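The values are calculated or read from the model by the stated rules, or taken from the named source; none is laboratory data. None of the values given here were measured: they were computed from a predicted structure. Cβ placement follows ideal geometry from the backbone for every residue including glycine, while neighbour counts extend to all protein chains displayed.
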Amino acid sequence: MTLTSILIFCVGALLYGWLLPARWRGWALFVASVIAIYWLQPTLVVFPLDFALPTATLVLTIASWYLTSQPTVQRDDQIALGVMAALVLLLAVLGTYVEKLTPSVPPPFLHVLLALVGIAAVLLVLTFIVQDKARMLPVMILLIIAVFIVLKWEPLTIAFAAWMRSQTGRQPALATALDVGWLGFSYVAFRLIHTIRERQMGKLPDLTLREYVTYVIFFPSFTAGPIDRAERFIKDYRALPTTQPLLDSARVLDGGQRVAVGLFKKFVLASLLFPIALSAQNALQPQSAGGLWVFLYAYAFLLYFDFSGYSDIAIGIGRLYGVSLPENFNNPYLKSSITTFWQSWHITLSTWARFYVFTPLSRVLIKRKVPTDLAVLITQVATMLVIGLWHGISLNFILWGLWHGVGLWLHKLYSDRTRLWYLTLKQNPQVYRITEAAGILLTFHFVLLGWVWFALPSVDLSATVFRRLFGGG
């Protein structure tokens, strides 16, 4: 989000809370979220991807809702579907005349209409073909993962971009991964998989199409999280019509302060650190190990201020609209172990991974009577690999995932074998404080060195940086 979009969302929250009749609040968030995914989508070189990709987000969301919903479609669902189609068509018309309503001039109205009719026809045929929706849930997960791989694995992304360029009269040789910038898909994908898995386990609450779509693309958290859980989000969403007043002075102050803190982190502190933060462009510039360490420290705090600042903004805006998004950061660099770090850094992502990777894999390994230490290693590494690959499918992200997976495993081994000693240590407050401080220092620098894999694009460059950090040539 830009400063302009943040300001518009905040002003919109005041109008929404003070002027809009309470019964229309849920519908207002639904409509605003649909419009926002088009408005926030960056301009793309290949026409008409910057209009087609938000539309694809809606199509995937509708399909996932259908597969996870009850057999009967309610009138509210039919209205929501009609409103979405009308909004897409309206954006296709208005985007031609209203600058910046859509990232670029949308496709012709007739083309959009025909595309929507075609999509509707395909979905309608599938509803007749698919008699057992439960059997299609794994297929939907695989489809989402397949799209995810195309977007996150650069060779496939470039190949898709080249094909799109060839179809639109542009030079395929100039294709880059940036040609396919599908805004928010990483978060949308994990929300969709969350709802599908919860339906498979019989835990997903019954959601209307309007509730489901608003949950998946809720505009404050659409681009960079947090990744809320459906049952928690829906509790707030359903309470909107009965919350009186929605915007009292306490909520305005709370939400406004949170947005202000996020703005300061993201647009002041992170911006100040950006010129000296480690990157592929400056990694080899420092002439000394000390200078390179400064770059790495700057990157670590840039990442924290940028990402936690965005989370603060999203949480603050959400509160202004009556939705309490979950916390995503809790002073992660002040934690005394790698385990507590991951309970405090990108909390909603690590929670998602724990629910859908760590826990089910642990159960499988326990049933197969895999030795405990080996089972812990497999589950920790697998979980962190998923988190790494979620950021991008590359060797560096794999190594970053391995770095943290092995680190979590080693900490588990150590903590299991020193638990009694640790309990006795608490009886001596001074020694305990020294030990905690040492743990914070050690954990921070373990995480710090891991950021080398995260910040740089290649293993060779990362290895060179590691050598230089410790005085090598």
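Among residues belonging to the range 372-411 that are polar (S, T, N, Q) and part of a helix (DSSP H, G or I), point out the one that is modelled with the lowest pLDDT.
Restricting to residues being polar (S, T, N, Q) and part of a helix (DSSP H, G or I), the top hit is Thr372.
Of the conditions (1) buried (at least 16 other Cβ atoms within 10 Å of the Cβ); (2) modelled with pLDDT of 95 or more, Arg232 fails just one. Which one is it?
Failed condition: (1).
Give me the residue from the range 348-371 that is assigned to a helix (DSSP H, G or I) and more than 15 Å from Ile387 (Cβ to Cβ) and, out of that set, farthest from the chain's Cα centre (by Cα).
Lys367
Among the listed residues Thr223, Thr214, identify the single one that is assigned to a helix (DSSP H, G or I) and either touching an Asp or Glu at 6+ places or on another chain (Cβ under 8 Å) or surrounded by 18 or more Cβ atoms within 10 Å (Cβ to Cβ) (or both).
One residue alone meets the criteria, Thr214.
Write out, first by first residue and then by second, each pair whose Cβ atoms fall under 6 Å of each other, whose residues are 6+ apart or on separate chains, and whose first residue, in the range 51-79, is acidic (Asp, Glu) while the second is buried (at least 19 other Cβ atoms within 10 Å of the Cβ).
Close Cβ pairs satisfying both conditions: Asp76/Thr208; Asp77/Thr208; Asp77/Leu209.
Among the numbered conditions (1) of a type in the set (Lys, Arg); (2) loosely packed, with under 14 Cβ neighbours inside 10 Å; (3) assigned to a helix (DSSP H, G or I), tell me where Lys203 comes up short.
With (1) of a type in the set (Lys, Arg); (2) loosely packed, with under 14 Cβ neighbours inside 10 Å; (3) assigned to a helix (DSSP H, G or I) applied to Lys203, the lone miss is (3).
Among the residues of the range 446-454, is there at least one that is assigned to a helix (DSSP H, G or I) and farther than 28 Å from Ala177 by Cβ?
yes
What are the pairs, 6+ residues apart or on separate chains, where a residue within the range 415-444 that is surrounded by 10 or more Cβ atoms within 10 Å (Cβ to Cβ) and in a helix (DSSP H, G or I) has its Cβ under 8 Å from a residue that is at pLDDT 90 or above and basic (Lys, Arg)?
Ile440/Lys335; Thr443/Lys335
Please find, among Leu151, Leu156, the residue that is free of Cβ contacts under 8 Å to residues at least 12 places away in the same chain and under 22 Å from the mean Cα position of the chain (by Cα).
Only one candidate qualifies: Leu156.
For residues that are in a helix (DSSP H, G or I) and free of Cβ contacts under 8 Å to residues at least 60 places away in the same chain, tally how many sit in the range 127-137.
Residues in the range 127-137 being in a helix (DSSP H, G or I) and free of Cβ contacts under 8 Å to residues at least 60 places away in the same chain: 3 in total.
How many of the residues in the range 397-424 are aliphatic (A, V, I, L, M) and more than 22 Å from the chain's Cα centre (by Cα)?
6
Could you list, in sequence order, all residues of the range 140-165 that are over 15 Å from Gly181 (Cβ atoms), surrounded by 14 or more Cβ atoms within 10 Å (Cβ to Cβ) and of a type in the set (Gly, Ala, Ser)?
Ala159, Ala162
For the range 128-137, which residues satisfy the criterion of being out of contact with any helix residue (DSSP H, G or I) (no Cβ under 7 Å at 6 or more places or on another chain) and surrounded by 12 or more Cβ atoms within 10 Å (Cβ to Cβ)?
Those that are out of contact with any helix residue (DSSP H, G or I) (no Cβ under 7 Å at 6 or more places or on another chain) and surrounded by 12 or more Cβ atoms within 10 Å (Cβ to Cβ): none in the range 128-137.
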